[in-house]
Every structure is written in C-alpha cells, then in structure tokens.
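Below is one structure, written out as structure tokens; comments come after it.
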Amino acid sequence: MAETRDLSLLFNPKSIAVIGASKDPTKIGHVILKNLVEGGFAGQVYPVNPSADVILYQHAFASVKDIPSPVDLAIIVTPQPVVLKILEECGEKGIKNIVIITSGFAEVGNAKDEEGIKEIAKRYGMNVIGPNCMGYINPSARVDSVFNPVYKLGRPKAGEIAFISQSGAVGAAVIDLAAKMGVGISLFVSYGNAAVVNEVDILEYLERDPKTKVIAMYLEGVRDGRKFLETARRITKKKPIILIKAGKTEAGTKAVKSHTGNLAGDYAVYSAAFKQAGIIEVESLTDLFDYSKIFLQPFPGGKRVGIITNGGGIGVLTSDLVIKQGLELADFNINTKQILREKMPMHVNITNPLDLAGDADVKRFELAIEYLLTEENVDIIILTPLMQTISLDASIVDLIVKKSQQMIKPMVVVTIGGSYTEQARTLLENGGVPTYTSPYVATGALAKLVWYAKYYER
C-alpha cells in the first residue's frame, strides 16, 4: 500500500517563494504575488526574479537558493523551458512543496518534461501540484496562489466545502459563484496535469481536514482508478463527495487528452463505479455548486416534505417536483392541523403545501415554521416565500436564518425574483441557509441528500 502524502505544509505554509514574480501588472507572477501580499497572508513572501531588486515593496532574490530562510512552498510561474532547472534548485534548497502554474507539458504532448518533473520530485521527496494548473486558495490560512486578479474573480469566505478541479477555468467559475452568493470554502485546488500530487492525494488530505465537511470535484480522468474508488468509498462513509465528470463522449474524451494530458476512460464504467463508492454525481456546474451546500444541513429522517409558501402557484409547482424527484408530500398529523387552523386566518388552507396567502407576514411564517419543525410527519421543509409581497419585510431573512441554525431538520429556501429578492437570497446564504432560484434544483438537491443519508447509515 502506497504511503499517504503529507500535504499539511503544502496547503498551510508559513513561508512562500514566488518564482517568476514580476513588476509588470499584466504578468501572472505579479498577480500571484499581489494576491498573497494584499490578501493577508501572515507568513513570509519571497519574490524571485533575477532582474528585480524590489517587487511590491518586497525584497526580491535572484534565485530561490539565495533566500536566507527556509521556504515551505514555492510557486513556479516561469517560462516552460526553465521549469525543470528551477525545480532542481528548489530541491537543492530543501523546498518540499511546489505549485507549478506553468503549462506546456503533457497536455501539449510534451511528456518528456513532465516525466522530468516526476523524477526530480521523487528524488527530493517533493509534493508538486500541477503543472498546467491554476493553484489553490486556502481562505482560513490566507493563502491565495490563484493567478486571477481579485477584482475579476471573487474570493469565497472561509467555510466547510472543499472544491477540487482538474480544470482551472471550471474551478474559477465555481469559486466566483461561491463568492458572489456568500458560500464559504475550506479549500480550492486546481491540480492540472497531476504529474505528482493527484486527486487521490488531495482527497486523502481532505479526509483528515477538520475544516472540510463536504467535498466537490470536477474530474476529467484519474491516474489510478482502483485507488481512487477505494479512497472515495472510505471517505463517503464520513463526508459526502459531489462530483461532475467531464469526457463522457468521444469528442469530450479527446478534449480531455489535450487539456490535462489525462485519459478520460469509459464513462459508463466510471458512472457505475461512482455510485458503488457512494459518490453523488451531478450533471452541470451549477448543480455542483447548488448540491454541495445542501450537505451542510442535518440528515433527514425520511423523505416526507412540508412546503410553506405565500404563493399558491409556486407551492403547486414545488409539490409536483417533490413527487417527480422521488420524495413525498408529508401528511400533517391531526394535532398540527388543528392548532394551525386555530391560529391561522380562515382564508389559509391548512394543507400541504401550506399556503399562508398573499397577505402573510413574518409572524405567520414563524408560526408555520415552528410547527413544521416539530411535526413528526415532516422530515424536510421547503420554504418558498415571495419576497415581493407588501406584507413581508426584511425580518423574514432573520427569522429563516435563526430557525435554520437550530439544525433540527433540513430546511431550504426557494426565492424567485429580481434585485430585491437576490439581496435577500445573498443574506440567507451568508447565514448558512441553502437557497435556490428554482424548485426543480431545490428538490433535486434534497433528493441527493436523502439518498446519501441512506447510504451513510448502511
């Protein structure tokens, strides 16, 4: 059995060298250095550039070997022809953790130099992310090696969802969306060609990482399918893995080879194996984002759904989708119906979905939520408040966040509307409430949560 890699210092360094740092704001080496310096990284940052003395007010070194102190992590953004030379120098310096942003290796048919990376890494006992990658972001450690400027690509807050991506572009899209919606991440890693550190190594790190509760993945191909599935099967008994697989068609498989130099493999085989390993497979990038956050909710005791709304039509649509996704509409017990009937206005119909009517205020929603949280026949609550009604004010957000934080049972919110509704949605997400702009996506996410809860308990 292969020894598990120790990636602790790779993802939590105390000192970082940026090899290929630049004074030119249009260069990747400048952006990465700026992100580290201005992003609040508390450790030492060492720019390495033989043509500069000072970059961004940091003393620059001609070579990584000239840095007088130990270095935990080196980020290489030099031109491709000198990468192997630089990597050798890192080894001589005693640097064990490397991120190679530079492309031009196996993804373009240059297998020889990629083999050179492997050989050097093995000789010096290095952990190497890349080449041909975007880097990583660890929000809690304030490490940001991603080469996109902050004003173009949002940075998520610290949270409990880790995201691993073979593609930098895909990863950028998902973390930008997470930042916009206020969803936190524990770690984002773009690992590119996976010449040394691969998806299994990162999964094993996240398995032990106490900050990570959910793992999301964009996958094109794997180096060792058997080990990947064995690792995933072990992890999914502790933490959910939500995955989107690229390279499902012949055209996609060819594209994978030219993108990261990996073999995509037969999709039907992959898909069947994913299910056996307890991996939750999704079909789109938006699902990858939307489904991941549902797994921070408590596991449901069953699949009976209670719907609370102040709009009859959206309640009906949600009811249809509950059934379509293999869930059930809860039948409220007689005591709940009787109490709600006594406390609600006569024009409120005490059924499921529970339509509180267009004049419902926050107090009416509070009453409904309280009783469905304790209702023994309800395992899951879906709220579909129409934020635009005159009777609802901003306090509906505080109410939902407060009730959700009790973590009694899963509770999600479906919000449909324009800028006012979007503001409320962002506040809800910041408060840890999973929100969706479509009942189709919300019920799909809940169906995955119900499936995983059964798998987890086996």
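FYI, it's all coordinate maths here, none of it is from the lab. Predicted, not measured: the structure shown is a model, and the values here were computed from it. Positions of Cβ are generated from backbone atoms using ideal geometry, with glycine treated the same way; all protein chains shown enter the neighbour counts.
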**Message:** If I model a spin label at LYS402 and SER419 as a point 7 Å from the Cα along the Cα→Cβ vector, what separation in nanometres do I get?
**Reply:** 3.0
**Asked** How far apart, in nm, are two points set 7 Å out from the Cα along the Cα-to-Cβ line at LYS65 and at SER395?
**Response** 7.0
**Asked** Can you list the aspartates and glutamates whose alpha carbon is less than 13 Å from that of LYS293, not counting same-chain residues fewer than 8 positions off?
**Response** GLU160, GLU429
**Asked** Of LYS152/LYS409; LYS122/LYS211; LYS14/LYS85, which pairs sit farther than 32 Å apart, going by alpha carbon to alpha carbon?
**Response** LYS152/LYS409
**Request:** State to the nearest 20 debye the size of the charge dipole of the stretch 297-457 about its Cα centre, where the only charges are +1 on K and R beta carbons and -1 on D and E beta carbons.
**Result:** 240
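Using helices alone, what [θ] at 222 nm do you get for the chain, with -39,500 (n - 2.57) per DSSP H run of 4 or more residues, divided over all residues and rounded to the nearest 500? Mind dumping the intermediate values first?
Numbers: 16 runs with 181 residues, N = 458.
Roughly -12000 deg cm²/dmol at 222 nm, from the helical runs in the chain.
Kindly rank 201-212, 73-84 from highest to lowest mean number of other beta carbons found within 10 Å of each residue.
Averaged packing, sorted descending, gives the order 73-84, 201-212.
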**Fill in**
For VAL99, the residues 5 or more places away or on another chain with a placed amide H closer than 5 Å to its own amide H are ALA74, ILE75, ILE76, ILE129
**Prompt:** Using a simple charge model, +1 on the beta-carbon of Lys and Arg, -1 on the beta-carbon of Asp and Glu, nothing else, what dipole does the chain show about its Cα centre, in debye to the nearest 20?
**Reply:** 540
**Prompt:** What is the set of long-range amide H partners of GLY104 at a cut-off below 5 Å, with H atoms built 1.01 Å from backbone N?
**Reply:** none
**Fill in**
Each label sits 7 Å from Cα toward the beta-carbon; between GLU115 and LYS238 the label points are separated, in nm, by 3.7
**Request:** Output ³J(HN,Hα) for the stretch 161-169: one whole-Hz value per residue in order, computed from phi by the Karplus curve 6.51 cos²θ - 1.76 cosθ + 1.60 with θ = phi - 60°, and x for Gly and Pro.
**Result:** 10, 9, 10, 10, 9, 6, 9, x, 5
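Using 1/(1 + (r/R0)^6) with R0 = 25 angstrom and r between the beta carbons of SER271 and ASP320, what's the FRET efficiency to the nearest 0.05? Working shown, then result.
Numbers: r = 27 Å, r/R0 = 1.09.
Step by step, r from the Cβ atoms, then E = 0.35.
When you count, for each residue, the other Cβ atoms within 10 Å and take the mean per peptide, how do 164-177, 223-236, 35-48 rank with the highest first? Each step should come with its number before you reach the end.
Numbers: 164-177: 21.3, 223-236: 16.8, 35-48: 18.4.
Packing proxy ranking, top to bottom: 164-177, 35-48, 223-236.
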